[in-house]
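Undergrad: Below is one structure. I have some questions about it.
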Amino acid sequence: MKPVYWIPVVLILAVTFYLEFAYLAEYDSHWWNQIPGFYALFGLVCCTAIVFVAKLIGKKIVNRDLHYYD
């Protein structure tokens, strides 16, 4: 990934961390709300998992041999 693409990703992650500490610090209705930065990390992990699962599906299921229809 080009470095120019990492700048918005890091910026959005930093803003998410800031907003979570600033506005959700007192909100503790669930156990995961007590973990600092949980939603930012959860989103990052889920997006990464979606990308890898899509790649796996594309390589194993969608792609066929070049001579599949011959």
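The values are calculated or read from the model by the stated rules, or taken from the named source; none is laboratory data. In this text, all values refer to a predicted model and were calculated from it rather than measured experimentally. When we count neighbours, we look across all protein chains shown, and the Cβ atoms used for this are built from the backbone with ideal geometry, even at glycine. Please note that ligands, DNA and RNA were not included when accessible areas were found on the heavy atoms of the full protein model with its side chains. Shrake-Rupley method; radii C 1.70, N 1.55, O 1.52, S 1.80 Å.
Undergrad: Ignoring everything except DSSP H segments at least 4 long, calculate the 222 nm mean residue ellipticity for the chain; use -39,500 (n - 2.57) per segment, divide by total residues, nearest 500. Could you put the intermediate results ahead of the total?
TA: Values: 2 runs with 41 residues, N = 70.
When only DSSP H runs of four or more count, the value is -20000 deg cm²/dmol.
Undergrad: Determine the per residue accessible area of the chain with all protein chains present and a 1.4 angstrom probe, expressed in square angstrom.
TA: Ligands and nucleic acids excluded, the result is 92 Å² per residue.
Undergrad: Right, here's the next one. Just to confirm the number: angle between the C-alpha axis of helix 38-57 and the first principal axis of the chain, 0 to 90 degrees, nearest 10?
TA: 0 degrees
Undergrad: Moving on. Toward the positive end of the charge dipole of the chain, about the Cα centre and with charges on Cβ (Lys, Arg +1; Asp, Glu -1), which of GLY58, GLN34, LEU13 goes farthest?
TA: Selected residue: GLY58.
Undergrad: Let me ask something additional. Might you report the magnitude of the Cβ-based charge dipole of the chain about its Cα centre, with Lys and Arg at +1 and Asp and Glu at -1, to the nearest 20 debye?
TA: It works out to roughly 400 debye.
Undergrad: What is the angle, in °, between the Cα long axis of helix 3-23 and the longest principal axis of the Cα atoms in the chain? Nearest 10 is fine, range 0 to 90.
TA: Computed tilt is about 40 degrees.
Undergrad: Which of these values of Rg and Dmax of the Cα atoms in Å was calculated from the structure shown: (i) 16.0, 55; (ii) 16.6, 55; (iii) 18.9, 64?
TA: The value matching this structure is (iii).
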